[in-house]
1. Considering only protein heavy atoms and a probe of 1.4 Å, how much of the accessible area of segment 193-279 is carbon and sulfur, as a whole percent?
2. No solvent, one uniform scatterer per C-alpha: report log10 I(q)/I(0) for the chain via the Debye equation at q = 0.11, 0.13 1/Å, two decimals.
3. What part of the accessible area of segment 366-508, given as a whole %, is carbon or sulfur when the probe is 1.4 angstrom?
4. On alpha-carbon atoms, Rg over Rh for segment 328-454 using Kirkwood Rh?
5. If you average 1/r across every pair of different Cα atoms in segment 261-303 and take the reciprocal, what Kirkwood value do you get, in Å?
6. If amide H atoms are built 1.01 Å from N in the plane of the peptide, which residues on other chains or at least 5 residues away come under 5 Å of the amide H of residue 332?
7. Run lengths n ≥ 4 of DSSP H only: what is the helix-derived mean residue ellipticity at 222 nm for the chain, with -39500 (n - 2.57) per run over all residues, to the nearest 500?
8. Considering just Cα atoms, how many Å³ per residue does the convex hull of segment 218-263 enclose?
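The values are calculated or read from the model by the stated rules, or taken from the named source; none is laboratory data. Not measured: the values here are computed from a predicted model. Here the Cβ positions follow ideal geometry from the backbone for every residue, glycine too, while neighbour counts run over all protein chains shown. Note: areas computed on protein heavy atoms with side chains; ligands, DNA, RNA excluded. Shrake-Rupley method; radii C 1.70, N 1.55, O 1.52, S 1.80 Å.
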Amino acid sequence: TKPTFLKCSILMITFALSVSCKNENKQEEPQKTDTKPNIVFIYLDDLGYGDISANGATEISTPNIDKLANGGVRFTNGYATSATCTPSRFGILTGIYPWRNKDAAILPGTAPLIISTEQKTVPKMLKQQGYQTGIVGKWHLGLGRGNVNWNERVSPGPNEVGFEESYIMAATQDRVPTVYIRNGHVDGLDPNDPIEISYKTNFEGQPTGKDNPELLTMKWHHGHNNSIVNGIPRIGYMKGGEAAKWNDVDMADHFLKEAQTYVKKHKENPFFLYYALQQPHVPRTPHPRFVGKSGMGPRGDVILEADWVIGEFIKTLNEEGILENTLIVLSSDNGPVLNDGYYDDAVEKLGNHTPSGGLRGGKYSLFDAGTHVPFITYWKGTIEPTVSNAIVCQLDLFSSLAHLTGSTAKTNDSEQLLNAFLGKSNQGRKNLILETGQKTALRSGDWVLIPPYEGKPINKQVNIELGISSEYQLYNLKEDRAQKNDLANTNKEKLAELTATYHKLRGK
Ligand code: NG6
Ligand code: CA
């Protein structure tokens, strides 16, 4: 058999020839050749558009992410499907809008799997195209069918929706169970110390953040006052599983090692790796190497830590000789938040840094900062460095990657925008529905329409404007990136046009 690198270079040359002859707007025909670079999603958690220096941050430096951004396509209009985690993860993996699935809401650690095992997914589609598929990091899409027994194989989960190998945390760093799970089995579990989990009641005799402040190394601000693990109070109650509990400050290194091992083990043939980092979600627990390095407190420090692990990961791809045969997509599941439930100086030490990069709102918000996130594609030697203002969404990866790899699979919601993702076209989607907590808005070209909703305009606990109003709101992002100037009353024509488009797309 031919050495892999030779095989890869032949594929690459064929691919380069085939795309260079193509008219940029002809996106319908599937790729003539089977082009199968490795595909890696690097997915951050709560990283804002303005949290990386490539997008203009001056108070924090993210050299490794910047290398991808400046050596690939840096999207200035890249979107997650939702302003919170679970729905966005549902969107990126299925190519389906999360508001079509009523279960796609922030899930507790005991929630059942919300992706049907019959559902088409990115890893399943790529598997059909001959890919090996793996996930390392945050899952947060539910596990099992309800009443999970954590002491047996937990299923269905990632392995049942397309990932051949999985090494995950079940939900979030602030939710129990605080253990890693490999292919459905809790890693390092001592059978004599079984795990019990409840999101309703505490287990007798177990300390909590609420009742035992003296045991805490990190204080809770709102929520997060149930079981204490490593001095940090969490959401939900947990008993047992001592030997299996993760060490928070090692989590970044731990997931990095798993991701590197995955690459080394699978480099001979095409693979898809979904590498879902936990930073800068709360609790922010930088490894001591990064403590104090940003001058911005733990939130800044874990962004530096995330940037470092990304650099190490890229180094591994390079050392293994596969960087030029790997398409990397880097993005974030939702926009930024400062105080998300713990006192960790995120607000106090922010200084002049603007995590949203001047966009309005943040995590949980229908204003732009909720979903408008860092978005980068990088493929050394194939993608030419460029800045793109095409509107692209994580939703579109499904159909676009299908197209790249010779599959005809697509979903109605996922637009085939391969040329935009490869930096060959500035044409993205015209319309995109944005979501938070099943409330939706429309981005259409330069415009944003937010329909009226009941509810509070501000989430006071996290101090974020949610974009909720009893009146229609209309903004022109080209002229008013910060959404300060509501044009609903002055541009009735645009309002009517977008309202009609919105209702058509929402099917109501
Ligand atoms: C919220 C949590 C918040 C965070 C979020 C999920 C409280 C009061 N707040 O309910 O801290 O965990 O859920 O974040 O519990 S996400 O990025 O996974 O969507
Ligand atoms: Ca998130």
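1. On the way: 1920 of 3900 Å².
In segment 193-279, the share of accessible area belonging to carbon and sulfur is 49 percent.
2. -0.91, -1.29
3. 47
4. Radius of gyration relative to Kirkwood radius: 1.01.
5. Computed over Cα pairs of segment 261-303, the Kirkwood hydrodynamic radius comes out at 12.4 Å.
6. 44
7. -6500 deg cm²/dmol
8. Once divided by residue count, the hull of segment 218-263 is 98 Å³.
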